[in-house]
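The values are calculated or read from the model by the stated rules, or taken from the named source; none is laboratory data. Keep in mind that this is a model prediction, so the values were computed, not measured. We place every Cβ from the backbone using ideal geometry, glycine too, and count neighbours over all the protein chains shown. Protein only, heavy atoms only, side chains kept; ligands, DNA and RNA dropped before computing areas. Shrake-Rupley method; radii C 1.70, N 1.55, O 1.52, S 1.80 Å.
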Amino acid sequence: MRSRVRFAEVDIVIDAMQHAPLGPGCRWVGGDMIAPTEDPLHHPFTQMARAVSEAGVRAVVTGLGGDEMVALTQDEEPHRGLGETTDTQILPWVGPRASSVLEFADDGIAPPALVNSMTLLSLETTAPVLLREGLWPIHPFADPDMVRLGEQLPFVWRELKQLQRQRLDALGMSEDVVYPVERESFAEVVEHTLTTHAPKLFDRMLVEGSPLFDAGLVDPDGLRGAVERLTTARYSAECDAKLLEVLSLHLSAVAFLS
């Protein structure tokens, strides 16, 4: 991709495995007041933002909103909406208070925005880290005109992101770039964090207690069983990945209340 498309000369690479979320140096683990809505991969993202800033950059153009711009509608492809949760048997640590209010999750919410809610959530999670490092985020795909354009694109252009794939093909990208066999994600980073750094943090949480237990948001017995799975059973992204958010919320709550 770098040989086909003009990029800046400086090429900054941060190994997320070496700067894993909740690992040594993570501000969440250090007790800093970090909002639970910030990026779950906070530590490596902070390292990247800092390196970019130190290279003299003052503004960052992101691709946030690009996926949503060509997303299929519920009528075209039924899918789980933002905020919907999976079965509590899969998430046994969900506390009784959290379960009891799920049916009211959409009561009294703000009217729909022009920009997709998932895009807005992405902007919310990334902005604090970038701004703290002196970087001004710019999101072209979140522009209302781009959102409207995406809504008018034909189905065949949006299905499987054909519009972007055709663009990559036109730039001379190879087949394994245009139609990659393996999906790019941070799933391996999340698994690494939850199976290496997270267990000791959960042990401390279960011994010392948590505001989440007191509020009935997390069930300690259910959490204890889920944590045991991390070290004794085969890791399952569907069952285990969301545990990262439990730790983020717990560490944020402790920091804000201390």
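If a residue has to be open to solvent by 70 Å² or more (accessible area, probe 1.4 Å), touching a residue at least 40 places away in the same chain (Cβ under 8 Å) and farther than 14 Å from residue 66 by Cβ to count, how many in region 116-149 make the cut?
Residues flagged as open to solvent by 70 Å² or more (accessible area, probe 1.4 Å), touching a residue at least 40 places away in the same chain (Cβ under 8 Å) and farther than 14 Å from residue 66 by Cβ within region 116-149 amount to 3.
Considering region 1-14 alone, what residues qualify as being surrounded by 10 or more Cβ atoms within 10 Å (Cβ to Cβ) and either over 26 Å from residue 175 (Cα atoms) or among the β-branched types (Val, Ile, Thr) (or both)?
Passing the criteria: 5, 10, 12, 14.
Is it the case that residue 205 is outside any helix (DSSP H, G or I) and in contact (Cβ under 8 Å) with a residue 12 or more places away in the chain?
It is false that residue 205 is outside any helix (DSSP H, G or I) and in contact (Cβ under 8 Å) with a residue 12 or more places away in the chain.
So, in region 93-114, of the ones that are outside any helix (DSSP H, G or I) and at pLDDT 90 or above, which residue ends up surrounded by the fewest Cβ atoms within 10 Å (Cβ to Cβ)?
It comes out as 95.
Right, residue 245: within 19 Å of the chain's Cα centre (by Cα), under 21 Å from residue 31 (Cα atoms) and open to solvent by 40 Å² or more (accessible area, probe 1.4 Å) or not?
Judged against the criteria, residue 245 is a match.
Which of the residues belonging to region 208-258 are touching a residue at least 12 places away in the same chain (Cβ under 8 Å), closer than 17 Å to residue 94 by Cα and among the small types (Gly, Ala, Ser)?
Hits for region 208-258 are 210, 215, 216, 222, 225, 226, 237, 241, 248, 253.
Among the residues of region 209-258, which ones are assigned to a loop (DSSP other than H, G, I, E, B), of a type in the set (A, V, I, L, M) and within 21 Å of residue 96 (Cβ to Cβ)?
Those that are assigned to a loop (DSSP other than H, G, I, E, B), of a type in the set (A, V, I, L, M) and within 21 Å of residue 96 (Cβ to Cβ): 215, 217.
Out of the residues in region 150-161 that are in contact (Cβ under 8 Å) with a residue 40 or more places away in the chain and under 28 Å from residue 2 (Cα atoms), which is least open to solvent (accessible area, probe 1.4 Å)?
Step by step, filter region 150-161, then rank; the result is 150.
Within region 212-221, track down each residue that is within 16 Å of residue 256 (Cβ to Cβ) and exposed (fewer than 15 other Cβ atoms within 10 Å of the Cβ).
Matches in region 212-221: 214, 215.
Name the pairs: first residue in region 6-19 and modelled with pLDDT of 90 or more, second residue open to solvent by less than 70 Å² (accessible area, probe 1.4 Å) and of a type in the set (Val, Ile, Thr), Cβ to Cβ under 7 Å, at least 6 apart or on different chains?
Within 7 Å, the pairs are 12/52; 16/189; 17/189.
So, in region 28-65, how many residues would count as being within 17 Å of the chain's Cα centre (by Cα) and either in a loop (DSSP other than H, G, I, E, B) or free of Cβ contacts under 8 Å to residues at least 24 places away in the same chain (or both)?
Going through region 28-65 one residue at a time, the tally reaches 13.
Could you look through region 179-211, keep only residues that are charged (D, E, K, R) and open to solvent by 100 Å² or more (accessible area, probe 1.4 Å), and pick out the one that is farthest from residue 22 (Cα to Cα)?
The extreme case among them is 182.
Would you mention how many residues in region 173-202 are assigned to a helix (DSSP H, G or I), of a type in the set (Val, Ile, Thr) and within 26 Å of residue 1 (Cβ to Cβ)?
Number of matching residues: 4.
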